[in-house]
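First up is the structure itself, then whatever we jot down about it.
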Amino acid sequence: MKKSPRAWYTRIDGYFKSVGFQRSVSEPTLYFKKKCTDILIDYLYLDYLIFMGSSKKLNEAFKTHMMVEFEMKDLGLMSYFLGLEVHQTQDKIFVSKSKYARGMLKRFSMENCTPVATSTTHGEHLCKEDGESKVNKK
């Protein structure tokens, strides 16, 4: 069982490379494939696969191929993932953490507190050097 995640990743990594995907240099679970002017981006998280593309036709073809190659099911448009709420429309994607924020307010009995737009003092200017002595890194 300990080797299962590695075996899964090796299998899907090999498949992605065989069908023309490139792996991101900075994020090993992020893949992309360019086809003419279209792009398809895939992200692996455990046994979830999140993908998006610039073409509906490309998205559908990818989904069909993945369901044939692997035992997968389509969960539809993403609406919640890793604490992020995702609202999608035809031309926009909005990501928020309002559910998380409401949960934190409830956890600390602050649901009825008066909200403020910002937690900084009005007119306060922030600067890189504030005149304080440096912290010892050791």
Test: residue in region 82-105 that is surrounded by fewer than 13 Cβ atoms within 10 Å (Cβ to Cβ), on the phi > 0 side of the Ramachandran plot and either of a type outside the set (Lys, Arg) or touching a residue at least 24 places away in the same chain (Cβ under 8 Å) (or both): yes
Yes/no for Lys57 being within 21 Å of Gln90 (Cα to Cα) and surrounded by fewer than 13 Cβ atoms within 10 Å (Cβ to Cβ): yes
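Could you pull out every one of the strands (runs of 3 or more DSSP E) wholly within region 1-101 that has 1 or more residues that are of a type outside the set (Asp, Glu) and more than 30 Å from Glu111 (Cα to Cα)? Full working, then the answer.
Values: elements: 30-35, 38-45, 48-53, 84-88, 93-96.
Once the strands (runs of 3 or more DSSP E) in region 1-101 are filtered for at least 1 residues that are of a type outside the set (Asp, Glu) and more than 30 Å from Glu111 (Cα to Cα), what remains is 30-35, 38-45, 48-53.
Each reported figure results from applying straightforward, stated rules to the coordinates on display, with no laboratory input. All of these numbers come straight from a predicted model, not from anything done at the bench. Because the Cβ atoms are built from the backbone with ideal geometry, glycine has one as well, and the counts that use them run over all protein chains shown.
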